[in-house]
Amino acid sequence: MPLDVPADTTLSGEEFFRTEGAYTSLGAPIPGGRVGNWILREGPQIDSDVEMFDELCWRLVGDGLPLFRATLHMGTLHPQIRGLGVRWLRPLNVVEEYRILQGNEATDEFLRSPIRATIERGEPFRRRLTEDIGEYPLLSKLRDFGVTDYFALALNRSFRRFPVVTWATDRPGGFSDADIAALEDINPALAAIVEPRALRRITENLLDTYLGPQAGRRVLAGQIQRAEGEQLRAVIMMADMRGFTALSDRLPGAEVIELLDDYFDAIVTPVGARKGETLKFMGDGVLAIFPAADDDDFSEASVQALEAALEGLERLGTINKARREADLPEVRIGIGLHLGEVIFGNVGAADRLDFTVIGPAVNLASRIEGLTKRLLRPILVSSAFARVCPRSLVSLGFHPVRGLFEPEEVFGLPE
């Protein structure tokens, strides 16, 4: 999101003023040593990459560097996102964050990017924009906006790619030798703080992807000891595919994986959109929870869980329509919902842990999901869930549940 930048900015007590197309400071441009010290000393204390890069750019402007535009590109490990970046624009007084999706490396935009070699091999790139640059469409666009010089430098390599910082000016004649020297001077300091930021972001992305956002945050916060966990009440969702064993025996391996991906995407996307967290894929099963914001009121969590289940079935219906048209077997599932106490934490061996929820409530949610086969209902809920859920539900009677001495009353949606 764009952030407003004050038109008048005072940096480190240095008085300066900025006029459109001109840069004036008290004295000659200062090399990057002072800004480099700020990067190493203060930069790590600013959590937001956007705020850190914004302040860095304005400090450079304050020291007399004629910046028009600057970007910071960082690669990451994420199933959907190839890279992240920050773009700073002086004329618009904005700084914004952007994402680069997976598959971008095959696009014409990347293949003809001026920083492709910098990203891939760490090679510096500089081009004065005195004439049209046909081989680099981006530089042609920047030239049309008045940019006269473009300079890119690699930072420390991570995961086979280089983070890259780019600087552009609209000053007639481009960057001076002193400007280039100042930008090269701060590059090691910028690389030193960008590298741990990129590694932490990658760690957060991987933990979010493989554990879920809540579990990932707990692990990063130090909750890593075996048998360490928190007791909480939550709505538990268990989903399971019908006849998966038979399907996996009949279909080629690639089709089985594609089928599972479609099914999981249909079920998991609505969970995340409604403040739930998917904790585990168990073969063709899904375990998710919906903790309540207020421990005394679970009606909202129950509604969110039920709506997620219904949307999951709706998405699966769209997938099945396409599969029918392609003469492929359809996917049928059952979903069980229950409200109860769980232990949310680490379970496993001394050197191989799993962050999940355990407890009798999880087992009951699984048993209720199992009843969907016998009662021929796609969604069943427990009596504990039905008591707090404000939506209309109908009792389907008491049914024996494996592991319980007393039958459990289960509920479903009205026909």
With springs connecting C-alpha atoms under 10 Å apart, model the chain as a Gaussian network and identify which of A154, A254, A309 has the largest mean-square fluctuation.
A254
Under a Gaussian network model of the chain whose springs join Cα atoms within less than 10 Å, the largest fluctuation of A349, A308, A239 belongs to A349
So what is Rg over Rh here for the chain, counting just Cα atoms and using Kirkwood for Rh?
1.10
Neighbours of F398 by Cβ distance under 12 Å: Lys/Arg at +1, Asp/Glu at -1, summed charge -3
Hz values of 3J(HN,Hα) by residue in region 280-285 - Karplus curve (6.51, -1.76, 1.60), Gly and Pro given as x:
7, 10, 10, x, 9, x
Lysines with Cα under 20 Å of K275, excluding same-chain neighbours fewer than 8 positions away:
none
Cross-link reach list, aspartates and glutamates versus K373, counting only Cα pairs under 12 Å and skipping chain neighbours closer than eight places:
D240
Hey, can you grab everything whose amide H is under 5 Å from the amide H of T148? Only 5+ residues off in sequence or another chain; H modelled, so Pro and N-termini drop out.
T169, D170, R171
Under a cut-off of 18 Å between alpha-carbon atoms, report the aspartates and glutamates in cross-link reach of K321, not counting same-chain residues fewer than 8 places apart.
E255, E258, D261, D262, D265, E311, E330
Quick check on region 99-139: take the gyration tensor over C-alpha atoms, sort the square-rooted eigenvalues as a ≥ b ≥ c, and tell me if it's rounded (a/c under 1.5), prolate or oblate.
oblate
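Every read-out reported here was derived from the displayed coordinates using simple, explicitly stated rules and does not represent laboratory data. Remember, it's a predicted structure, so these values are computed and weren't measured experimentally. Neighbour counts run over all protein chains shown; Cβ positions are idealised from the backbone, glycine included.
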